[in-house]
Amino acid sequence: MSVPLLKIGVVLSTMAMITNWMSQTLPSLVGLNTTKLTAAQGGYPDRSIGVLPANPEESWQVYSSAQDSEGRCVCTVVAPQQTMCSRDARTKQLRQLLEKVQNMTQSIQVLDQRTQRDLQYVVKMEDQLRGLETKFRQVEENHKQNIAKQYKVIKAKMAELRPLIPVLEEYKADARLVQQFKEEVQNLTSSLSLLQQEMGAYDYDDLHSRVISLEERLRACMQKLACGKLTGISDAITIKTSGSRFGSWMTDPLAPEGDTRVWYMDGYHNNRFVREYKSMADFMTSDNFTSHRLPHPWSGTGQVVYNGSIYFNKFQSNMIIKFDFKTSTISKSQRLDNAGYSNTYHYAWGGHSDIDLMVDEGGLWAVYATNQNAGNIVISKLHPLTLHIIQSWTTNHPRRSAGESFMICGTLYVTNGYSGGTKVYYAYHTNSSTYEYIDIVLQNKYSHISMLDYNPRDRALYAWNNGHQVLYNVTLFHVIRSEQL
């Protein structure tokens, strides 16, 4: 019997969940308090003069001057900072540490929300398991009074579920780990706060190493809980209605925080112009855009924008081109050896869709077919800088029978068609080189899907549906394998 797996549901939203739980601690660490200077001489009334802390000078400065009743000159001056100088190299290093801790705090908050939500499911599941075990024991004690068939079914069910109990314990340990991360960051923030108040009280190098260590552990923990198996797709969310029947649109999953630009490409061949919208809001409500001219027309709708560059298949070839938007130049081009092109091994809807480029949590992928694999789908992991193939997997699924496909967490998901009733029905797992048939409904709201891609940052599917740009939220189940089993 195969090792049972516990699937913990993690519903991932496209909306960011960032709430700083240390808001009561960090405000005092940012900037310096405003200083008040008071001038009172002779017959002059007291005056409070505000001095902004930004870019303080290191020398004495005259702030105001006047004469008193006896004709003497009275000057009010600003003294140099008596605490830390903002230009001091160690202070800059400290502020960089504070920014890093704040970023980690936000990541921990998101991770904590997911873990706490899943932990509630775990506790409920654990009660059900233990209840079933009790019931089984009762049945076993009185098995002579029960029908043999019922006894056999219950016993088999219990044998399947009993090993999941230690897995539940492991997941609860993950929740305790997240709590430990929160406490460590809070302690580290307190140390940084004291260090800013009194420079030299703590060793900077030690604090820096603690931040780096905690950051690495947090990244590993988040990577463990980030991926999962696709179990559900929401109804289509229509973002805009524009363009022809075929096309593609996307955002950059590696764009810096705050960069929500939308990239839009109408048609599947004989076009070189990519539209850039400043934000999703601009894309939805206006027609203001910047146009980028590519050096070659693209083929199909399998383009992807990744880390500031667009990757596309050059028309009537199996050439992959990486075009840098910042420099408006080709930074790399590479042939995808043996890959079919020019409607040789296209998706079921046609449209020169022989080569489909896509991105997931693991990086850049190409999905295509070759004569050597009898026209069945080939999956290749590409190096984003050199475009060389890192590793390839051959599947048994005919490329022309696929409606569309997309990658999530190293698994290729394939739809059964592009029009009418559509579902995701085939999954190939590159981590185990195995496949399975599944049944997940995909709402085909406008009856013709010519582009379907996953964005790992938004945790959403982007689709071009008969001249409509739509989004789908996805449901992923996190799978934990217990080493104890």
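The values are calculated or read from the model by the stated rules, or taken from the named source; none is laboratory data. Predicted model, so just to flag it, every value in this text is computed and none were measured. Glycine gets a Cβ as well: all are built from the backbone with ideal geometry, and neighbour counts include every protein chain shown. Please note that ligands, DNA and RNA were not included when accessible areas were found on the heavy atoms of the full protein model with its side chains. Shrake-Rupley method; radii C 1.70, N 1.55, O 1.52, S 1.80 Å.
List of remarks:
- Of all residues assigned to region 254-263, at least one qualifies as being open to solvent by less than 50 Å² (accessible area, probe 1.4 Å), outside any loop (DSSP other than H, G, I, E, B) and not charged (D, E, K, R).
- Restricting attention to region 276-291, the residues that are touching an Asp or Glu at 6+ places or on another chain (Cβ under 8 Å) and either crowded, with 19+ Cβ neighbours inside 10 Å or part of a loop (DSSP other than H, G, I, E, B) (or both) add up to 2.
- Exactly one residue out of ALA281, ALA348 is among the hydrophobic types (A, V, I, L, M, F, W, C) and in contact with a helix residue (DSSP H, G or I) (Cβ under 8 Å, 6 or more places away or on another chain), and it is ALA348.
- Region 292-311 - residue that is outside any loop (DSSP other than H, G, I, E, B) and open to solvent by less than 10 Å² (accessible area, probe 1.4 Å) and, of those, nearest to ASP453 (Cα to Cα): VAL305
- Condition check for TYR341 on (1) under 20 Å from ASN271 (Cα atoms); (2) surrounded by fewer than 19 Cβ atoms within 10 Å (Cβ to Cβ); (3) more than 30 Å from the chain's Cα centre (by Cα): one failure, at (2).
- Scan of region 324-366 for residues that are among the basic types (Lys, Arg) and assigned to a strand (DSSP E or B), ordered by number: LYS332, ARG335
- Look at region 444-468: where a residue is in contact (Cβ under 8 Å) with a residue 40 or more places away in the chain and at positive phi and a partner is of a type in the set (Val, Ile, Thr) and open to solvent by 30 Å² or more (accessible area, probe 1.4 Å), sitting 6+ places away or on another chain with Cβ atoms under 8 Å, you get ARG459/THR14; GLY467/THR241.
- The test for being at pLDDT 95 or above, crowded, with 21+ Cβ neighbours inside 10 Å and small (Gly, Ala, Ser) does not hold for GLY363.
- Test: residue in region 451-462 that is part of a strand (DSSP E or B), of a type in the set (Gly, Ala, Ser) and either at pLDDT 95 or above or within 13 Å of PHE406 (Cα to Cα) (or both): yes
- Within region 367-378, if we keep just the residues that are touching a Gly at 6+ places or on another chain (Cβ under 9 Å) and part of a loop (DSSP other than H, G, I, E, B), the residue that is least open to solvent (accessible area, probe 1.4 Å) turns out to be GLY375.
- Within region 426-470, if we keep just the residues that are buried (at least 19 other Cβ atoms within 10 Å of the Cβ) and among the hydroxyl-bearing types (Ser, Thr, Tyr), the residue that is nearest to HIS346 (Cα to Cα) turns out to be SER450.
- Residue pairs meeting the criteria (Cβ under 9 Å; at least 6 apart or on separate chains; first more than 21 Å from VAL414 (Cβ to Cβ), in region 386-401; second open to solvent by less than 70 Å² (accessible area, probe 1.4 Å) and polar (S, T, N, Q)): THR386/GLN334; LEU387/SER333; LEU387/GLN334; HIS388/GLN334; ILE390/SER380
- Qualifying positions in region 312-323 - crowded, with 19+ Cβ neighbours inside 10 Å, out of contact with any Pro (no Cβ under 8 Å at 6 or more places or on another chain) and assigned to a loop (DSSP other than H, G, I, E, B): ASN318
- Which numbered condition GLY467 misses (of (1) farther than 24 Å from GLY267 by Cα; (2) of a type outside the set (S, T, N, Q); (3) in contact with a strand residue (DSSP E or B) (Cβ under 7 Å, 6 or more places away or on another chain)): (1)
- Unmet requirement for LYS381, which otherwise passes all of (1) open to solvent by less than 10 Å² (accessible area, probe 1.4 Å); (2) part of a strand (DSSP E or B): (1)
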